[in-house]
Structure formats: structure tokens, C-alpha cells
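Here the structure comes first, spelled out in C-alpha cells, and everything after it is commentary.
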């Protein structure tokens, strides 16, 4: 393809214009800058973070409207900016890209905490026919796929990398009893990875379809929490287990508080689910101190966990068929997000961007 050819075409893309307002528009991709890559998107997936952004109308770090929307994708290289071929990329390469890349120069990057980079560069625009990947992300977080890797599977790389971050932060190991609070996409990914390590996994959540998915992924105990009330008593009554680690994958203050009461003495809690901005919790300092608890919170991913996530996917540990339970045309995306905001409980939906 001649350089710049793709930029003469207009492509369909979902644009976030503010709170609960998405418009599918025709846009002209920007001319490629040196080091950038244009990708034809072959698979894009919905995400709980995107739903939060849709409801709130923005994300202070990730996206400020009006802006193209979505961040879980895989596809094929369509065009290369100057210098991209020198990095080994060529037109037709099958790839997956992360939704961010660290700067490599700040304090946190030098400390090996690239997920906390002061200058994280974010990428949005998965709900579209194509996307321009910035040079920094091309250099640090654009990965080549094996010929047999399905694009739907590969599109799970970014959320899975966040889960890998959480698993590694907890230092989970075989034989541990792990409790996962929440059976959404992230909770289900935690089940699959914890079981792959050799942990005994209990899940507390609701909605039959998600709890069935938890069982299929290897959860040995499943607790239906109903309306979510009196969570600690329900879990204790159903399990009678000493949990070495508890993972909060819901993102509600009351569930954060419950997690601390469900872990054993000397155990660890990962507050993985992000709560609304400004939310606060109350913790029993006597319990934390005399039980010698480890409390941590995992955020985002690093180039290392992006690569580990793709390794899990290409090894068959994580498969789209276990997480993607719906399909939707790009033109119907605004209606889909309205239904998700109103209580549509699909795990993940594949957005068919070329229909």
C-alpha cells in the first residue's frame, strides 16, 4: 500500500461526546507520524472500564471527550509510518496492541513500576474500523501474534495483563486458598489464572450465567451472594475456609471492607476493583494490625505483564469463548452501551466493526 493511502479513506468510529453520549461517525485517520502504525481492527471487545467512562462522560487519565472510544483490540498492520519498518514491522502483520505505554524515563519507570508512570501515554479508538498506534506504544507494547492466534482471543490481552499484574503483586502460589469477590470479566480471569497456578479458588458473586462460567473455569466453590447484603456472613456460612488471599474485583467500598474480614490471619487482600472517585472506606485497625494483614491495590499493567498475558492466551489458558458471550455491530454500539448502563449483564461483547 502506498504511504498515506489509508488516510485518504474515511472510516467509521465510535466517538464519545460526553456522559452517556456516543455517536458513530465517519472520520479521516490522521496522517502517520514517524514510528506510528495504522491497524485495521479485526476484533474489539467491550470493557467494564469503558462502561464507567460512558456513564461518567470522561476519564481523567485515559480519555477526554470528544474522542474516539474503546481500548481492547487486535488486528492487522495496514500502513507504516517512517521508521516503523526498521523495528521489524511490515504491512500484513497480525498484531495486538496495549492501550498505553510508559515513558521509561520517570522515577516510577526506573523503579520498575511502569504501571505508575508519571507520563503514561494512553490509546483509545478500538470501536472503529482502524486505529493509529502512537510511536511509543509501537515501540513498547505492540506485539506480533502467532499465525494461529484468533483475533478475538488476542483482544483479551489488555484486561488480562491487568489481572496478571494483580496475580504477581499477590505472589500467589500453588495450594493457596483464594477467594475472588466478583464474577465479572476480571473476576473470571482471576479464576482462570489462579487455577492455572494451582490455587484452590472460591468465587462469591451473582447472576447464574456468570457463576456457571466461574464453575467452568475451575472454581471449586461458588457462592451466590444474592442482593450483596451481609456479604461476610454469606461467604463464611457457605465456605468454612481460611483464605490465604482475597481479591476484590467489584469496585464497591462495602466489598473492599468485607474483603478484610474474609482473609485469614497473615493473609493478603488485593483491592483490585476501582471504586468511584472520592469513595472512602472504614477499616478495623485492630484487625489489620493483630492479624498481620497485607493490603495492596493493583493498577493497570506493564510491558512485562502485557507479554505474559499474550503468552497465557497463546497457550490456551485464556480463550475468548469463555468470556465473550455477545456480538454487536459498530453502528449499534450507542444502544449497546445504553443497555449495559441499564443492567445488561453480558460478560463481554464482540464489536463487529466492519459491518
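Things worth noting here:
- Residue list for region 196-214, filter: in a loop (DSSP other than H, G, I, E, B) and within 19 Å of residue 262 (Cβ to Cβ): 199, 206
- The set of residues from region 225-251 being under 20 Å from residue 346 (Cβ atoms) and either loosely packed, with under 15 Cβ neighbours inside 10 Å or under 22 Å from the mean Cα position of the chain (by Cα) (or both) comprises 249, 250, 251.
- Applying the set (1) modelled with pLDDT of 95 or more; (2) surrounded by fewer than 17 Cβ atoms within 10 Å (Cβ to Cβ); (3) in a loop (DSSP other than H, G, I, E, B) to residue 17 leaves exactly one unmet item: (3).
- Against the test of being touching a helix residue (DSSP H, G or I) at 6+ places or on another chain (Cβ under 8 Å), closer than 20 Å to residue 129 by Cβ and at pLDDT 95 or above, the options 68, 76, 37 yield a single qualifying residue, 37.
- Considering residues of region 165-175 that are in contact (Cβ under 8 Å) with a residue 40 or more places away in the chain, surrounded by fewer than 24 Cβ atoms within 10 Å (Cβ to Cβ) and touching a helix residue (DSSP H, G or I) at 6+ places or on another chain (Cβ under 8 Å) only, the residue farthest from residue 320 (Cα to Cα): 172
- Any hit, region 85-94, residues being modelled with pLDDT of 95 or more, crowded, with 22+ Cβ neighbours inside 10 Å and in contact with a helix residue (DSSP H, G or I) (Cβ under 9 Å, 6 or more places away or on another chain): no
- Answer from 298, 233 - the residue that is over 30 Å from residue 142 (Cβ atoms) and either in contact with a strand residue (DSSP E or B) (Cβ under 8 Å, 6 or more places away or on another chain) or modelled with pLDDT of 95 or more (or both): 233
- Qualifying positions in region 31-62 - in contact with a strand residue (DSSP E or B) (Cβ under 8 Å, 6 or more places away or on another chain) and closer than 18 Å to residue 353 by Cβ: 37, 38, 39, 40, 41, 42, 43, 44, 45, 46, 47, 54
- Only listed residue being crowded, with 21+ Cβ neighbours inside 10 Å and either under 19 Å from the mean Cα position of the chain (by Cα) or assigned by TED's automatic domain parsing to the domain that holds residue 334 (or both), chosen from 119, 141: 141
- Answer from 343, 316 - the residue that is outside any helix (DSSP H, G or I), in the same structural domain as residue 19 (by TED's automatic domain parsing) and out of contact with any strand residue (DSSP E or B) (no Cβ under 7 Å at 6 or more places or on another chain): 343
- Hits in region 326-344 (condition: surrounded by fewer than 18 Cβ atoms within 10 Å (Cβ to Cβ), touching a residue at least 40 places away in the same chain (Cβ under 8 Å), under 23 Å from residue 207 (Cβ atoms) and out of contact with any helix residue (DSSP H, G or I) (no Cβ under 8 Å at 6 or more places or on another chain)): 338
The values are calculated or read from the model by the stated rules, or taken from the named source; none is laboratory data. Given the structure is predicted, the values throughout are model-derived calculations rather than measurements. Using ideal geometry, Cβ is built from the backbone for each residue, glycine included, and neighbour counts are taken over all protein chains shown.
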